[in-house]
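One structure is given here, and the rest of the page talks about it.
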Amino acid sequence: MQESATLTEEVNHGLSMLIRPAKQSDIPAVLPMVGKICALHETWDGAKYGFLPNPAQRYEWWLSKVVKSDRAVFLVAEDETKALLAGFLVATIEREIPIYRLKEYAFIQDLWVELEYRRSGVARQLVTQTIEQFQKMGVVQIRLDTAAINETARKLFSECGFRPSTVEMLIELE
């Protein structure tokens, strides 16, 4: 479980943003954001992101486990002036298959920042704190996937030190 929280004053937008570990009580506010991620991804590639009905509600049980896990990072960005969540990041430690030297790695599952908070540094802070948390846990590699169309995310992650590793390809069979 994450232990630290960072208060950051966003100079550009005058925001008072608290990046902190998620709590069980945050999950209801995170679920609509999960729904937005799913809807966006499905518009980008319905074959890859063909969700079952109500994916946010299906996520709830998993987030309830992740928020208690010491093998995950689940952060929220809280706008303290409005007392609401502006975004979140959830990442887990995964086991590699046993043919590789690396035994485990962290994987960023989801990152979302609400539209009104974008381009204010919130996503960068979430990613940076996630990296710091995994470093403290002794994790030596973090991976993530981005949609082929999501140039903004690739730029952000590149600026945070990530590099391209693989290209996933897909074919639909009848």
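The values are calculated or read from the model by the stated rules, or taken from the named source; none is laboratory data. Only a predicted model underlies this, so the values are computations on that prediction, with no experimental measurement involved. Note: ideal-geometry Cβ built from the backbone for every residue, glycine included; neighbour counts use all protein chains shown.
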Determine which member of the set Tyr105, Tyr59 is part of a helix (DSSP H, G or I), of a type outside the set (Gly, Ala, Ser) and either surrounded by 19 or more Cβ atoms within 10 Å (Cβ to Cβ) or touching a strand residue (DSSP E or B) at 6+ places or on another chain (Cβ under 6 Å) (or both). Tyr59
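Being touching a residue at least 24 places away in the same chain (Cβ under 8 Å) and closer than 17 Å to Gly46 by Cβ is the filter here; which residues of segment 138-170 pass it?
Listed by number, the residues that qualify are Ala147, Ala148, Ile149, Asn150, Leu170.
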So the check is Cβ under 8 Å with 6+ separation or different chains; which pairs have a first residue in segment 18-45 that's under 13 Å from Tyr59 (Cβ atoms) and a second one that's among the polar types (S, T, N, Q) and in a helix (DSSP H, G or I)? Ile27/Ser64; Leu31/Gln57
Checklist (1) outside any strand (DSSP E or B); (2) at pLDDT 95 or above applied to Val76, failing item: (1)
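Here is a list: Gln133, Gln129. Which entry is in a helix (DSSP H, G or I), in contact (Cβ under 8 Å) with a residue 60 or more places away in the chain and more than 16 Å from Tyr105 (Cβ to Cβ)? Write out each step before concluding.
Details: Gln133 fails: more than 16 Å from Tyr105 (Cβ to Cβ).
Within the list Gln133, Gln129, the selection yields Gln129.
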Looking only at segment 149-174, filter to residues that are aliphatic (A, V, I, L, M) and in a helix (DSSP H, G or I); which one of those is surrounded by the fewest Cβ atoms within 10 Å (Cβ to Cβ)? Ala153
Scanning segment 110-143 residue by residue, those within 10 Å of the chain's Cα centre (by Cα) and surrounded by fewer than 19 Cβ atoms within 10 Å (Cβ to Cβ) turn out to be Asp110
